[in-house]
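Down below is the structure, laid out as structure tokens.
The values are calculated or read from the model by the stated rules, or taken from the named source; none is laboratory data. Nothing here was measured: the structure is a model prediction, and the numbers come from that model. Glycine gets a Cβ as well: all are built from the backbone with ideal geometry, and neighbour counts include every protein chain shown. Heavy atoms of the whole protein, side chains included, go into the accessibility calculation; ligands, DNA and RNA do not. Shrake-Rupley method; radii C 1.70, N 1.55, O 1.52, S 1.80 Å.
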Amino acid sequence: MAKKQDTTPSFIAELRLQTSPSDAHKLNTALEAGRALYNACLQESLKRLALMRQSKAYQRARLLPKGKDRTESFKSLREQFAFTKSALQSYGTQTKNACHIGDHLDAHVTQKVAIRAFEATTRYAVGKGGRPRFKRPGWLNSLESKTNASGIRYRDGLVLWRGLEIACIIDPKDEVVAHGLNHPIKYCRLVRRNIKGKYRFYVQLIVEGRPCRKPKHTLGTDLVGLDLGPSTIAYVGNQTAGLEQFCSELQCRQRQIRQIQRKMDRSRRVSNPDNYNPDGTAKKGSRKWVRTERYKALQSEVAELQRAQAEHRKALHGNLCNRILAIGPEINTEKLSYKAWQKMFGKSIKMRAPKTFLSELTRKAVNAGGSVREIPTTCICGRIKKKKLSERWHSCECGVSVRRDLFSAFLARHVDAQDHLDISGANELWQETEPLLRQAVSRIQQTAIGGRALPASFGINSRSQSGSSVKSEPWTETMGRTIVESRDAVAAPSCGDVGESLEKTAVASGRTPCL
């Protein structure tokens with residue numbers, strides 16, 4: 001039976017700790033003990049997983065069809081080879097009691113570290129993640145307890161743990177912190193961050209309830225269609241439509257990082273000439289690297305820039321989420337493969353993190369009483385005609401021309417619970433929405449005319465830069481066929497294969513299809 005703290009909604013209230021040098025030393029020592037314990041538990045869990053996979057019973061279970069028998073077989077194997085959460089917690093406790101780790105960690109923290117290693121191995125076992133890595137010194141930066149009754153505890157502005165009493169820095173004017181402290185605390189987590197070359201410590205209070213919503217962050221009532229790309233985002237509501245570059249403000253910081261990384265590469269090559277081939281490529285095999293003090297300083301500078309960039313990106317994500325939720329908390333978006341994006345647009349994905357944005361949007365929408373629904377990109381009828389990534393505009397033979405991602409966001413608003421496109425509903429609202437889409441494109445074109453460089457994915461530079469907006473022919477008797485032609489603005493039925501079903505749809509909606 002799941003515990004209450006695992007089933008009730010929760011949020012995080014973070015407070016900075018006012019640590020003395022002695023407190024910082026003890027916390028750093030505890031984190032290193034936790035790192036050693038994590039590596040030991042990870043090694044043991046990987047060992048048990050390997051033994052289980054080598055057994056004949058496991059090979060037989062793999063051949064079973066998906067169903068209850070297969071599930072029960074794998075469950076029995078996990079218990080047989082002690083590859084369970086409780087078994088690994090027991091191993092973690094035995095390891096703690098057998099060495100110096102027990103002098104720095106309590107039972108609850110030990111069990112949570114063991115669970116962390118087990119869950120990493122489980123993700124690898126079921127194919128949802130890569131093989132987990134052992135942590136180097138300084139790589140474990142958080143420890144948490146199970147409850148606020150023992151272990152790491154918060155009491156009246158103090159964090160108590162194994163003889164430590166560390167005061168928290170609380171801003172009495174911060175309404176978010178005040179909201180968090182007025183709710184029951186489930187458990188506490190200690191976090192270490194390296195900011196400008198110095199360690200700072202925080203406590204994260206995992207609190208039961210809903211997070212604070214500031215009055216300035218209003219909540220709309222519309223259904224929002226969203227189209228998310230590696231570097232662009234489009235959203236459409238009843239009265240609002242937007243098309244913009246995704247996290248464009250991060251570009252300047254990324255340029256600084258690249259410049260310093262080039263300096264690091266030159267320093268590394270000068271200090272280690274024997275590690276490179278005559279053609280400049282690094283030699284294969286084990287190598288010993290010499291890193292100068294200047295190189296280490298540059299490395300710290302890059303780490304600080306990347307940390308600041310991550311914080312800036314998180315703030316930009318939050319701001320964009322609030323603007324979308326101001327339109328409405330119910331959001332439909334296309335189901336995408338972000339792993340494929342990583343292979344195709346690696347640098348852009350690393351800088352902008354669209355999947356992280358979608359996770360944040362989902363969390364905020366759920367807290368606001370809404371949801372984010374990922375809809376499939378299946379066409380409802382006709383033969384599928386794939387569009388190239390370079391085709392950023394949808395153009396119909398009837399003369400309608402519209403931005404591909406804006407039209408995709410518009411269509412996403414009209415997908416029902418069975419993931420079918422509501423053509424009649426889209427027809428009814430198209431005349432009201434088309435001017436909004438043209439205004440959104442016009443704003444982007446004005447940005448390009450103003451001298452600001454836009455990514456090629458906008459498809460603006462290849463079109464007229466004279467300031468004219470999208471071609472604005474009226475949408476007369478051709479809406480039925482165009483909607484189905486542009487089902488998701490990614491896969492579209494060909495114009496010649498729509499057939500009788502589209503004719504019936506257009507007649508039912510009072511329009512004549514352009515067949």
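Anything in region 257-286 that is in contact (Cβ under 8 Å) with a residue 40 or more places away in the chain and either open to solvent by 60 Å² or more (accessible area, probe 1.4 Å) or part of a loop (DSSP other than H, G, I, E, B) (or both)? List them, or say none. Before you say what the answer is, go through the steps one by one.
Initially, region 257-286 is screened for residues in contact (Cβ under 8 Å) with a residue 40 or more places away in the chain, giving 257, 260-261.
Within region 257-286, just Gln261 meets the criteria.
Every residue in region 230-239 that is part of a loop (DSSP other than H, G, I, E, B), touching an Asp or Glu at 6+ places or on another chain (Cβ under 8 Å) and either without any contact (Cβ under 8 Å) to a residue 12 or more places away in the chain or open to solvent by 10 Å² or more (accessible area, probe 1.4 Å) (or both), please. Talk me through it step by step, then tell me what you get.
The initial filter retains those residues of region 230-239 that are part of a loop (DSSP other than H, G, I, E, B), namely 230-231, 237-239.
Checking which are touching an Asp or Glu at 6+ places or on another chain (Cβ under 8 Å) leaves us with 237-239.
Selection gives Asn238, Gln239.
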Practice problem: List every residue pair whose Cβ atoms lie under 9 Å apart, where the two residues are 6 or more positions apart in sequence or sit on different chains, the first residue falls within region 1-25 and is surrounded by 11 or more Cβ atoms within 10 Å (Cβ to Cβ) and modelled with pLDDT under 90, and the second residue, located anywhere, is in a strand (DSSP E or B) and aliphatic (A, V, I, L, M). | Solution: Gln5/Ile206
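Can you name the residue in region 126-142 that is open to solvent by less than 30 Å² (accessible area, probe 1.4 Å) and modelled with pLDDT of 95 or more and, of all such residues, is farthest from Ala30 (Cα to Cα)? So that I can check it myself, show each step before the final result.
Of region 126-142, the ones open to solvent by less than 30 Å² (accessible area, probe 1.4 Å) are 132, 138, 140, 142.
From what's left, modelled with pLDDT of 95 or more: 132, 140, 142.
On the way: Pro132: 22, Leu140: 10, Ser142: 10 Å.
Per the stated criteria, the residue is Pro132.
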Practice problem: Return the total of residues in region 153-178 being out of contact with any Asp or Glu (no Cβ under 9 Å at 6 or more places or on another chain), open to solvent by 20 Å² or more (accessible area, probe 1.4 Å) and assigned to a loop (DSSP other than H, G, I, E, B). | Solution: 7
Quiz item: For region 342-365, how many residues meet the condition of being open to solvent by less than 30 Å² (accessible area, probe 1.4 Å), out of contact with any strand residue (DSSP E or B) (no Cβ under 8 Å at 6 or more places or on another chain) and assigned to a helix (DSSP H, G or I)?
Solution: 4
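This table checks each residue for (1) open to solvent by less than 60 Å² (accessible area, probe 1.4 Å); (2) in contact (Cβ under 8 Å) with a residue 40 or more places away in the chain.
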{"position": "Thr29", "(1), (2)": "yes, yes"}
{"position": "Ser45", "(1), (2)": "yes, yes"}
{"position": "Pro65", "(1), (2)": "no, no"}
{"position": "Ala82", "(1), (2)": "yes, no"}
{"position": "Ala98", "(1), (2)": "no, no"}
{"position": "Ile101", "(1), (2)": "yes, yes"}
{"position": "His108", "(1), (2)": "yes, yes"}
{"position": "Ala114", "(1), (2)": "yes, yes"}
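State whether one or more residues within region 366-387 are modelled with pLDDT of 85 or more and in a helix (DSSP H, G or I).
There is at least one residue in region 366-387 that is modelled with pLDDT of 85 or more and in a helix (DSSP H, G or I).
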Quiz item: Pick from region 190-218 the residues that are at pLDDT 90 or above and out of contact with any Phe, Trp or Tyr (no Cβ under 9 Å at 6 or more places or on another chain): which of them is surrounded by the fewest Cβ atoms within 10 Å (Cβ to Cβ)?
Solution: Lys198
Self-check item: Tally, over region 119-136, of residues that are aromatic (Phe, Trp, Tyr) and either more than 24 Å from Glu32 (Cα to Cα) or under 19 Å from the mean Cα position of the chain (by Cα) (or both)
Solution: 1
Self-check item: Single match in Pro132, Pro215, Pro211 (criterion: within 30 Å of Gly237 (Cβ to Cβ) and touching a helix residue (DSSP H, G or I) at 6+ places or on another chain (Cβ under 7 Å))
Solution: Pro211
Quiz item: Thr147 versus (1) surrounded by 14 or more Cβ atoms within 10 Å (Cβ to Cβ); (2) assigned to a loop (DSSP other than H, G, I, E, B); (3) free of Cβ contacts under 8 Å to residues at least 24 places away in the same chain: which is the lone unmet condition?
Solution: (3)
Self-check item: Selection within region 157-212 - under 30 Å from Glu32 (Cβ atoms) and small (Gly, Ala, Ser)
Solution: Gly157, Gly163, Ala167, Gly180, Gly197
